[in-house]
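Just so you know, all these numbers are worked out from the coordinates, no wet-lab data involved. This structure is a prediction, so every number in the text was calculated from the model and none was measured. All Cβ positions, glycine included, derive from the backbone under ideal geometry; neighbour counts span all protein chains shown.
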Amino acid sequence: MELMKWWGWGSEKKEYGLKKNKKLLSYIQDVLGLDLREYPKKTFENITLPDITVSKKIIDELKLLTNASTEKHDRLTHSMGKGYKDLVRIRNGDIRQAPDVVAYPETVEEVEKLLNYAKEKKLKIIPFGGGTSVVGGVETTCPGTICADMKKLDKVMSIDTVSQTAHVQAGILGPDLEEKLTKAGFTLSHFPQSFEYSTLGGWIATRAAGQNSTKYGKIEDMVEALTMHYPGGKISTKTVPASASGSDIKQLLIGSEGLFGIITDAVIRLHPLPEHKHYSGFILKNFDEGITTLREILQNEITPAVARLSDSEETRAMMKIGSSDKGIVNGLMKDAFKFYLKKRGYSGDEVCMLILGFEGPKDKVRFDFETAKKIVRGAYLGTSPGKQWLKNRFELPYLRDDLLDLGILVDTLESATNWSNIPCLYAKTKQSMEDSIKSYGVKGFVQTHISHVYREGASLYYTFVAKEVKGKEIEQWTEIKKAATDTIISNGGTLSHHHGVGKDHAAWIEHEHGKKGVEIIKKLKECFDPDKVLNPGKMGI
Ligand SMILES: Cc1cc2nc3c(=O)[nH]c(=O)nc-3n(C[C@H](O)[C@H](O)[C@H](O)COP(=O)(O)OP(=O)(O)OC[C@H]3O[C@@H](n4cnc5c(N)ncnc54)[C@H](O)[C@@H]3O)c2cc1C
């Protein structure tokens, strides 16, 4: 794998190239009132890390237990995740804490030794997969911390082609996993936007969702069994398709965000590689029509792999992106098409884009697509928008780096609720963010999509964009996040549909689970990790 940019997303060799997309650039300039100057980031050499707090003896002993590094690059890249706040701080060289040591265990025995050693020496351990957390899940919060990077535990140990499951180590990265499964004729079909740089263990620890979740489920639906090591022991859940043996321990460990132990391996549920894929696009009159369309598709027992509805703001932005070769809707708004839409009573300001993707046996795909097409309240655009979306679906995180260079605040947050509450939660959360952006006297916008759809409801995924208030970026971001999260919580949404809790959502954990719920999580923590070795300061525990 290419080395990840320490200050941004993805390979150091890869750039989004915003400057080449003049249309998008001038759109951004217009809506945000920017002068398009570039803000320099600190150079690697100019970044100072906090001093190492553990003794040389401890470092030497750790090096005997496992691969362990105290190199600046390792400590810096493991000090936080890849959310907006992380990127601003790392670009500004604002590194308040960093792990003293980064360990790269290669075997489960090394993981065990590391955990036991940390317990004995009263050190802290942060389990680290790809480090792509956007909620402060891997942030170092105190001195005396070892970061346990799991990426060397990356083997597919066996594939059971009869049961269609695979036993896989937790540190494997998305592309590596899919490549190995593809060779055997299978797929997990878990494709989060962070797919290229996130790991199986991280997905399980955060209850992640991939872009194909509507058909294939979230990661918690894909795990048949798992093993987690904690200081002084391990727990393995049974490899069975279902069980009625009391409470579901596996589901208590999924989403534990590294607080209880280190997940070392899991048995995952596979699907044969789909015989056929059909991805296409539709244009709808407005977001409400889209919401009804998606609900009716799901409630008519039609399950697309991908169902992605953008609101009008996101559709507009996609069209601007579409004017480059990375575009999703190249040529979509050509004059003839605009004329056609106008004739049907569609207003350019309100139209929304819907991508539907179907996968599976050819006849079933055809039937499901034709049925869905009849339900969709909108105009069919053909397969080209669907194909383009599929091709470019991991590109947008690279654009974020270019926006940050221009002094633009850009981040995402998400929730989920039932259909009857979707319009209300959508509008109120959006409004709360827009008000918060305005309160700083800058221009900005909020765009939303629905991308994980269920019979009874859906997720709402917001991207908020604003001109940064230089010197106050974190404060500005915190205000928007707080306004949105308060609104989500008081209007029936979940604190997180797939990003998790981490440090950033910890303040709301009791609103989500109630006092008793938090007490249960605390008791579980005490049961696995009474000395509080693991991932301190996360989830409010
Ligand atoms: C650009 C971008 C796009 C994203 N898109 C999506 C998306 O589409 N869907 C989605 O769900 N999320 C998304 N995320 C969030 C993030 O990628 C997910 O939370 C992902 O599941 C984290 O995986 P990771 O391997 O990077 O874990 P990390 O970030 O390393 O860790 C996340 C949490 O899991 C714990 N952890 C990691 N590995 C283990 C282990 N083996 N055992 C125990 N605990 C462990 C960590 O301690 C931490 O609390 C995105 C993030 C970015 C930056």
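Defining a contact as two alpha carbons under 8 Å apart and six or more residues distant in sequence, what relative contact order in percent does segment 421-472 show?
The normalised contact order for segment 421-472 reaches 33 percent.
Please compute the alpha carbon radius of gyration of segment 409-481, then divide it by the globular-protein estimate 2.2 N^0.38 Å. Two decimals is fine.
1.18
Work out from phi, with θ = phi - 60° and the Karplus expression 6.51 cos²θ - 1.76 cosθ + 1.60, the ³J(HN,Hα) of each residue of segment 177-191, listed in order in whole Hz, and give x for Gly and Pro.
Each residue's phi maps through the Karplus curve to give 4, 5, 4, 5, 5, 4, 4, 8, x, 10, 9, 8, 6, 10, 10 Hz.
Restricting to the chain, compute how many DSSP beta bridges are antiparallel as a %, nearest 5.
In the chain, approximately 90 percent of DSSP beta bridges are antiparallel ones.
Going toward the positive end of the dipole of the chain, with +1 on Lys and Arg Cβ and -1 on Asp and Glu Cβ, which of W477, G130, L341 do you reach last?
Farthest towards the positive end: L341.
Please work out, to two decimal places, the log10 of the ratio I(q)/I(0) at q = 0.07, 0.09, 0.11 Å⁻¹ from a Debye calculation in which every Cα of the chain carries one identical scatterer.
-0.39, -0.66, -1.01
Of the listed peptides 345-356, 421-432, 176-187, 443-454, what is their order by residue-averaged count of other C-beta atoms within 10 Å, with the highest listed first?
Final packing ranking: 443-454, 345-356, 421-432, 176-187.
Tell me the Rg and the Dmax, in Å, that the Cα atoms of segment 197-287 produce.
Over segment 197-287's Cα set, Rg and Dmax evaluate to 16.5, 59 Å.
Distance between the C-alpha centers of segment 223-285 and segment 101-150? Whole Å please.
21
Work out from phi, with θ = phi - 60° and the Karplus expression 6.51 cos²θ - 1.76 cosθ + 1.60, the ³J(HN,Hα) of each residue of segment 424-438, listed in order in whole Hz, and give x for Gly and Pro.
5, 5, 4, 5, 5, 5, 4, 4, 4, 6, 4, 4, 5, 4, 4
Label points 7 Å out from Cα along the Cβ direction at K391 and E519: separation in nm?
Each label point lies 7 Å from its Cα, and together they span 5.7 nm.
Can you tell me the length gained on complete extension of the stretch I235 to K532, counting 0.36 nm per residue apart and subtracting the Cα distance?
Gain on stretching I235 to K532: 105.1 nm.
From the backbone phi of segment 305-319, what are the Karplus-calculated ³J(HN,Hα) couplings (6.51 cos²θ - 1.76 cosθ + 1.60, θ = phi - 60°) in whole Hz, Gly and Pro given as x?
5, 10, 9, 9, 10, 9, 6, 5, 5, 5, 4, 4, 5, 5, 5
Taking amide H atoms as placed 1.01 Å from N in the peptide plane, list the residues 5 or more away in sequence, or in a different chain, whose amide H sits under 5 Å from that of L495.
Amide H neighbours of L495: none.
Run the numbers for E109 and I375: contour at 0.36 nm per residue of separation, minus the present Cα-Cα distance, in nm. Walk me through the numbers on the way to the answer.
Details: separation 266, 0.36 × 266 = 95.76 nm, distance 5.44 nm.
Additional length available on full extension: 90.3 nm.
Could you work out [θ]222 nm for the chain from helices alone, using -39500 (n - 2.57) per DSSP H run of at least four and dividing by all its residues? Round to the nearest 500 deg cm²/dmol.
-11000 deg cm²/dmol
Could you tell me what a quarter of the Cα convex hull surface of segment 345-453 works out to, in nm² with one decimal place? Don't skip to the answer; put the middle values down first.
On the way: hull surface 38.6 nm².
Over all viewing directions, segment 345-453 projects a mean Cα-hull area of 9.6 nm².
On a 0 to 90 degree scale, rounded to 10, what angle separates helix 287-299 from the longest Cα axis of the chain?
Rounded to the nearest ten degrees, it is 70.
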